[in-house]
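The numbers here are math on the coordinates, done by the rules we state, and not lab data. Just so it is clear, the model here is predicted, and its values are computed rather than measured. Methodologically, a virtual Cβ is constructed for each residue, glycine included, from the backbone with ideal geometry; neighbour enumeration extends over all protein chains shown.
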């Protein structure tokens with residue numbers, strides 16, 4: 001065989017900073033699925049309860065919120081049973097927080113792989129979004145079980161036509177938001193290591209700025225404070241989810257559009273910074 005007949009793969013540096021090669025991601029889909037499997041297995045490897053933690057985390061958090069914020073602080077839950085009220089927000093919040101936290105550590109956690117073999121670097125963050133999607137679906141099944149239990153006891157208003165398309169839309173926007181913010185933060189942590197220590201703390205603070213344990217329509221809130229809450233892109237998503245499933249939240253199409261726009265801007269900015277850092281991150285990671 002002549003040398004000219006040997007197939008050659010040429011790896012070049014990216015010419016443009018904004019580059020999302022979906023065809024290349026599809027070519028490496030087997031690697032993507034392997035990384036998804038790895039992400040799920042590693043988290044619960046050598047644990048006693050294993051995948052049961054998927055259920056226990058939201059259950060224990062819901063019970064704690066019910067005791068502290070429902071029974072002690074007596075925060076209004078808009079007439080909805082406290083466990084159902086908190087769980088309806090927690091499943092979406094957990095998905096976003098997990099996507100953000102894990103994507104923000106992509107460079108640091110995969111440096112040993114990135115330095116040895118070539119593959120589209122976006123495979124790694126996309127794999128975290130998909131692995132966390134499986135966790136979300138498990139927790140969503142838990143929510144549906146609790147939702148049916150309370151609905152049978154005392155029916156509440158449900159917007160049935162919005163349930164499936166609305167849920168799919170919210171998952172998509174939450175995933176895009178977590179991916180975009182995580183890409184941006186992970187790119188910065190290659191140079192500023194101490195930023196990674198602030199991420200989890202910042203995510204915890206963000207939860208209290210999101211209507212997880214309260215409703216935007218709380219009577220004690222001023223109009224100015226409500227506006228600040230609506231400026232959080234996650235607010236309209238959680239409120240819409242509660243509105244569709246429980247009839248207790250607020251569905252504002254303009255704020256939904258705002259959340260989608262913010263998610264897309266975060267994703268574009270995250271990809272831009274990610275591609276810029278990717279070219280020489282092995283020198284600083």
Using alpha carbon centers only, the range 129-148 is separated from the range 174-228 by a whole-angstrom value of 21 Å
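So if I average 1/r over every pair of distinct C-alpha atoms in the range 228-269 and take the inverse, what Kirkwood radius in Å does that give?
Working: mean 1/r = 0.0960 Å⁻¹.
Here the Kirkwood hydrodynamic radius works out to 10.4 Å.
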Most packed first (mean Cβ within 10 Å per residue), the peptides 143-155, 255-267 order as 255-267, 143-155
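Using mean Cβ contacts within 10 Å as the protection proxy, how do 55-67, 121-133 order, highest first? Show your work: numbers first, answer last.
Working: 55-67: 16.2, 121-133: 21.5.
Those peptides, ordered most packed to least, come out 121-133, 55-67.
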Taking the range 67-137, the whole-percent share of alpha-carbon pairs separated by over 21 angstrom is 47 percent
